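Some notes on the structure that comes next.
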Amino acid sequence: MEAGLVLLRLGRGRPAQQVAAMFAAGARGVLFYRDPRDTAGPGGGPALGGGTTPTLHVQDGAGDPFSRGFPSFSGHAPPGPAPGVAPIPAHPLSAATAMRLMRSLGPPLAPPRWGVPGGSLRFRPRPGGRRLQLRVGAGTRPGTLTSVFGALRGRLEPDCYIIVGAQRDSLGPGAAASGVGTALLLELARFFAAIGREGFQLRRTLLFVSWDGAEFGHLGATEWLEGYPGLLHTKVAAYVSLDRPVLGADRFVVRTSPTLGPLIESALEQVESPNEGGKSLLEQLRRPGRGWESDVIRPLAPESGAFPFTAAAGVPALELGFDEAPGGGGSTRAALGTPEDTLSRLGARLRGRLPAVSRAVAAVAAQLLLRLGHDPRLPLEPAAIGDALVRQLAPLQARGLSLQCLSSARGGVVRAAAALRRDMSGSDGANERLNRGFNARLMAAEASLLSPFVSPLVSPFRHVLLGRGGHTLAALVAELGTQRGTPGDNEGTPGDNLGTPGDNLRLALLAWTLRGTAGALAGDSGDIGDIGGGLGDSGDCGDMGAILERQPCWIGGHVGMAAMLSW
């Protein structure tokens, strides 16, 4: 690819990933535009105007890139490039400006489906034509974020927190981006304060947070999380995000970490559907021959405000709301961060259903908060972790790869979760000491999925199921799925040993992390000093001690282990 500027039409994929891909292909800069035809509603509903310029966040990751892994308090950026910052200039354009640029391009012709109204689209500048130069004025300067916290103190467990939050800032009017979520946050605060005045008091402390800096990579929430890296998972039982809760009225979507799934089902069963009177949301979502989860439940997305809570802090989290139907043009989402994100436009898109849909979202959130804040035992499902492991390992099993160390670790998690459920079902539900012990194990399970073998300064999203980076199970499955298993040295099982120390190291460290999850569910963290022999002695992943002696690795938080590793 010749070095130069690339014009990209916004669509699927995150802009940060697209900028990185263009840089790898040799581009010197990227221009983005959104085609108005992609934002038209069903039946010719209103689309974005051709003169509307979208706003984009091209940083790869959340939080302050100049203080990754720790809170940004000093106001001074360290030397060197910040991880996640776009490596080349990137800038959005209006569709009208993009069309002018396209019409100035020369041969060859692009496919007709890429065409522009009233003319053909070509690929390259005309020989001898005008040259385009991109200059982006960017810099760094200290700034102040103001996130607002309000608390309703719990009666029996005031040191355990349930957090509900919404972004407050927006680029443009921000009706869908922040207005609806902030309104729901305030109404929930009023509701719980009112029932408190009437004598009803939650067991746990309910924390309401209005986050600042959300439009720039969820700065407020991420920097707050980074300020308490070793504390949150022992104090915060769950986080509920109200960011962008109403983008449509057609389908209900919940992006969540696995352990909150059954609680979501219970909440949906208690709330009336705004679209089908007389039916609960759960009844509306059920379809013959398929589970409701396939249409509703999604994994936490990296751009979600709830993502850092689970992926970086190990706290169960979810984000919920109504979205537009597939194929509906995505007009509301496309308007985010533009002058067209207005209350009147949002109301027109929802055809007068905005109040009813907003009330339904608030009701679901209230049900979740009531259960999380008042149930003697936290309504978290430990078996969901094992189910998520099975789903992520399924592609390897389909290819005939048998990775004994991961299968063994997964089995340990499944058995420990089943044992915890048996312990809870067979014990006295009114015993406060037992309840606190069970709750501590449930909260520790999610946090145990944060890999201790990667630096939070380099890979802050350390969660092995939902995080990002080569340490995650998804990354390992994707890489091993392209390889063919080779006869292993341990049991002769194809795929047990992939032939390189680096592959074996990643398998062993991931299996060890999952072994820690089984220990957390069982209420026993295990002896971390036994890492050199524990897995190796079982024959699961080869000689763990020998692998660690040969491989460089960063270990965070376990000083006793560092002496075992060579750099």
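The values are calculated or read from the model by the stated rules, or taken from the named source; none is laboratory data. Model, not experiment: these values are computed from the prediction. All Cβ positions, even for glycine, are placed from backbone atoms using ideal geometry, and neighbour counts span all protein chains on display. The protein model used for the area step is the full one, side chains on, heavy atoms only, and it has no ligands, DNA or RNA in it. Shrake-Rupley method; radii C 1.70, N 1.55, O 1.52, S 1.80 Å.
A few notes on this one:
- Percentage relative contact order, the stretch 318-465, counting C-alpha pairs under 8 Å, at least six apart: 19
- Charges were assigned to the Cβ only: +1 to each Lys and Arg, -1 to each Asp and Glu. The resulting dipole of the stretch 186-227 about its Cα centre is roughly 400 debye.
- Solvent-accessible surface (1.4 angstrom probe) belonging to residue 424, in square angstrom, nearest 10: 30
- Area of residue 64 that stays accessible when all protein chains are in place (1.4 Å probe, Å², to 10): 30
- Positive minus negative residues near residue 147 (Lys, Arg vs Asp, Glu; Cβ under 11 Å): -2
- Long-range Cα-Cα pairs in the stretch 196-346 (distance over 28 Å), rounded percent: 29
- Environment charge at residue 248 (Cβ cut-off 11 Å; Lys +1, Arg +1, Asp -1, Glu -1): +3
- Which of 251, 68, 421 is most accessible, then next, and so on - probe 1.4 Å: 421, 251, 68
- Solvent-accessible ranking of 66, 191, 208, largest area first, probe 1.4 Å: 191, 66, 208
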